[in-house]
Amino acid sequence: MVIQSAAAAAGGQTSGAETQLYRLAKLDDLERKLIAEVLGEGEVAGVVALPDGSLAQIGETVHAGIWRLRIGMEPAHEYIQVGAIPQIVQRAATELTSTDLVIGPAPDGTMNVLPVLAEIRGRARAWLSGMHAHVINPTLLPMSAVELAFQR
């Protein structure tokens with residue numbers, strides 16, 4: 001039922017439309033595994049730090065506009081979201097633009113992480129609601145594992 005609803009929502013999705021969220025809390029492990037196999041894993045993944053200190057893990061599926069979300073480590077907080085960008089990412093971007101991104105000292109062995117963070121900070125400062133997304137894909141840049149793991 002969740003997959004059918006998400007597929008129907010994705011089929012009717014238009015630019016600028018509200019995202020639709022489907023909670024996976026009532027599914028058992030076998031049903032979650034089936035959903036994971038049907039949706040697969042796309043190329044985009046990320047983590048959003050929430051104001052309460054928890055983390056939201058976000059992963060694109062192989063189907064455009066369908067995302068997997070997990071907030072914290074509880075299976076009860078797993079979702080499928082249909083939309084161009086998950087709402088939690090949009091909210092985080094809005095909050096980021098209202099505060100300055102403070103960049104701390106980079107760990108030893110890094111070379112590219114500070115310029116990338118400076119670019120993110122600059123883009124966040126200039127961002128206005130309705131602007132097109134600017135994508136920075138760290139996996140396409142010459143960055144070490146230490147740089148990819150670095151968090152301000």
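The values are calculated or read from the model by the stated rules, or taken from the named source; none is laboratory data. Everything quoted here is computed from the prediction, not taken from an experiment. Cβ atoms come from the backbone with ideal geometry, glycine included; neighbour counts cover every protein chain shown.
Just give me the residues in region 36-60 being in contact with a strand residue (DSSP E or B) (Cβ under 7 Å, 6 or more places away or on another chain), surrounded by fewer than 13 Cβ atoms within 10 Å (Cβ to Cβ) and either at pLDDT 90 or above or in a helix (DSSP H, G or I) (or both), in sequence order.
Matches in region 36-60: Glu41 only.
For region 54-70, which residues satisfy the criterion of being within 24 Å of Ala124 (Cα to Cα) and under 11 Å from the mean Cα position of the chain (by Cα)?
Leu55, Ala56, Gln57, Ile58, Gly59, Glu60, Trp67, Leu69
Does any residue of region 83-90 turn out to be surrounded by 15 or more Cβ atoms within 10 Å (Cβ to Cβ), out of contact with any Leu (no Cβ under 8 Å at 6 or more places or on another chain), more than 30 Å from Lys33 (Cβ to Cβ) and at pLDDT 85 or above?
no
Can you tell which of Glu119, Glu78 is at pLDDT 80 or above, more than 28 Å from Gln13 (Cβ to Cβ) and among the acidic types (Asp, Glu)?
Answer to the check: Glu119.
Quick check on His63: is it within 20 Å of Gly42 (Cβ to Cβ), modelled with pLDDT under 85 and not hydrophobic (A, V, I, L, M, F, W, C)?
On the way: within 20 Å of Gly42 (Cβ to Cβ): yes; modelled with pLDDT under 85: no; not hydrophobic (A, V, I, L, M, F, W, C): yes.
Criteria not met by His63.
Which number in (1) at pLDDT 85 or above; (2) in a loop (DSSP other than H, G, I, E, B) marks the one condition that Lys33 misses?
(2)
Can you confirm whether region 93-108 contains a residue that is more than 17 Å from the chain's Cα centre (by Cα), in a loop (DSSP other than H, G, I, E, B), crowded, with 16+ Cβ neighbours inside 10 Å and of a type in the set (A, V, I, L, M)?
Yes, region 93-108 contains at least one residue that is more than 17 Å from the chain's Cα centre (by Cα), in a loop (DSSP other than H, G, I, E, B), crowded, with 16+ Cβ neighbours inside 10 Å and of a type in the set (A, V, I, L, M).
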